[in-house]
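Participant: Input: one structure, supplied below.
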Amino acid sequence: MDIRDRVGLKQRAAQLLQTASYDPKKLTLLHGAVIIGLSLLISLISVLLSYGIDSTGGLGGIGTRNLLETLQSMLQLAYSLLMPFWQVGILFAFLCVIRQQAAGPHTLLRGFHRFGPVLRLMLTEGIVYFLLAMACAYVSSFLAMGFSTRLYTLLEPVAMAMMEDPNADPYILIEQIPIDQLLQAMAPMLLVFAVLYLAVLVFLGYRLRFANYLVLDEPGLGAFAAIGKSFQLTRGNCMALFRLDLSFWVYYALQVVVSVVAYLDSLLAIMGIGLPMDAPWFSLIVYGIYGACVLALDYFMRPQIEATYALAYDSL
């Protein structure tokens, strides 16, 4: 298969989905249901714990309050740490589908089976993106200083105060500047940073596109080797992958529409419309509706997309 042949890739993916040993729609439904279900459960427990924390007033309830707050934080932290390993499992599941291998719920656990390499890959990518963000921030601030004399004028007294008193706290000095003036003066820097970092994200995102596939697919491959091999696979193929992404624009547009539902409570507050119940419970209901929409969208459309991407990776 040639990844530049988008129609051929999609047709072949559709054929392989029909002959899969396990219903691909059920795979995506199970995968999404675990993510949405656990998130809802933890949110529900968090709401209940919040009511418990509010009821433990006074000095006598300090111990109980601290315990409940710690439990609340631990649940949210555990979800944040473990969920990425479940999320990547869908990639391996559809690799099995397009290779006509046994694919089932057990293949969704591949991220946990490859815990070490997946973790190292996530940390490495996180560090790279952070360092690049710092570099973009430095470049954008340097360029903005050259174009925005207003920012220089606002920060000059801070620099003078620091020279007169090296022990002075720069954050306190900056806080004395009116926030509206500071934001207006920083606008050129923020704009330059946004453009630079977006370009970096797009470029690096496409070059690292297959790193997760590689650490899940090749048992002996580590995180750094996966990054290097992903760069090799995507060399000269980024534009083809971009066009493949564009061909699924309907799915991504519907994702944006569905995501609006998740912020329905905030939108109602902005419009001045009162909530019919307490905000935490209404947020849970809104998230439940959002989750149902996501599951429906993934059930009907995601198998074709995941199979096509898996086929694109396999063809390279």
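Participant: Once the piece of chain linking Ile42 and Lys26 is laid out straight, how much longer is it, given 0.36 nm per residue of separation minus the C-alpha distance between them?
Facilitator: Computed gain between Ile42 and Lys26 is 3.4 nm.
Participant: Between the helical axis of 249-262 and the dominant principal axis of the chain, each derived from Cα atoms, what acute angle in degrees is found, rounded to the nearest 10?
Facilitator: That helix lies at roughly 50 degrees to the long axis.
Participant: Using alpha carbons only, how many angstrom separate the centre of the stretch 64-121 from the centre of the stretch 222-258?
Facilitator: Measuring centre to centre over Cα atoms gives 21 Å.
Participant: Can you figure out the FRET efficiency of Met239 with Leu131, using R₀ = 25 Å and their beta-carbon distance, to the nearest 0.05?
Facilitator: Efficiency at R0 = 25 Å is approximately 0.45.
Participant: Something else now. Could you work out how far apart the two model spin labels at Asp314 and Ala225 are, taking each label as a point 7 Å from the Cα in the direction of the beta carbon, and quote it in nm?
Facilitator: It is 2.3 nm.
Participant: Another question about this same structure. Do the sum for the chain: with -39,500 (n - 2.57) for every DSSP H run of n ≥ 4, divided by all residues, what is the mean residue ellipticity at 222 nm, to the nearest 500 deg cm²/dmol?
Facilitator: Estimated from H runs of four or more residues: -27000 deg cm²/dmol.
Participant: Relative to the longest principal Cα axis of the chain, at what angle does helix 223-234 sit, 0 to 90 degrees, rounded to 10?
Facilitator: Here the helix axis deviates by roughly 70 degrees.
Participant: Using a 1.4 angstrom probe on the protein heavy atoms only, line up Arg209, Arg4 by accessible area, largest first.
Facilitator: Heavy-atom accessible area, descending, gives Arg4, Arg209.
Participant: At what distance in nm do the modelled label points of Ser50 and Leu275 sit from each other, each positioned 7 Å from its Cα along Cα→Cβ?
Facilitator: If labels sit at Ser50 and Leu275, their model points lie 0.7 nm apart.
Participant: May I pose another question? So how far apart, in nm, are the two label points at Tyr263 and Ser73 if each is 7 Å from Cα heading toward Cβ?
Facilitator: Each label point lies 7 Å from its Cα, and together they span 2.9 nm.
Participant: Enter the accessible area of Asp278 (Å², nearest 10), with the probe set to 1.4 Å and all protein chains included.
Facilitator: Spelled out: Asp278, probe radius 1.4 Å, area about 90 Å².
Participant: Using a Förster radius of 45 Å, what is the FRET efficiency between Val256 and Met160 based on their Cβ-Cβ separation? Nearest 0.05, please.
Facilitator: The pair Val256/Met160 has a calculated efficiency of 0.40.
Participant: Could you give the accessible area per residue of the stretch 228-316, probe 1.4 Å, as a whole number in Å²?
Facilitator: I get 53 Å² per residue for the stretch 228-316.
Participant: Considering only protein heavy atoms, with the full assembly of protein chains and a 1.4 angstrom probe, order Asp23, Asp217 by accessible area, largest first.
Facilitator: Final ranking, largest accessible area leading: Asp23, Asp217.
Participant: Suppose the chain between Gln232 and Ala187 were pulled fully straight at 0.36 nm per residue; how much longer would it get relative to their current alpha carbon spacing?
Facilitator: 12.4 nm
Participant: Using only Cα atoms, find the angle between the long axis of helix 89-98 and the longest principal axis of the chain, and express it within 0 to 90 degrees, rounded to the nearest 10.
Facilitator: Orientation of helix 89-98: about 20 degrees from the principal axis.
Participant: Tell me the relative contact order for the chain as a rounded percent, counting alpha carbon contacts under 8 Å between residues six or more apart.
Facilitator: Rounded, it is 29 percent for the chain.
Participant: Quick check: at a probe of 1.4 Å, how many percent of the accessible area of the chain sits on carbon and sulfur atoms?
Facilitator: That fraction is 69 percent.
The values are calculated or read from the model by the stated rules, or taken from the named source; none is laboratory data. Keep in mind that this is a model prediction, so the values were computed, not measured. Note: ideal-geometry Cβ built from the backbone for every residue, glycine included; neighbour counts use all protein chains shown. In case anyone asks, the SASA skips ligands and DNA or RNA and just uses the protein heavy atoms, side chains included. Shrake-Rupley method; radii C 1.70, N 1.55, O 1.52, S 1.80 Å.
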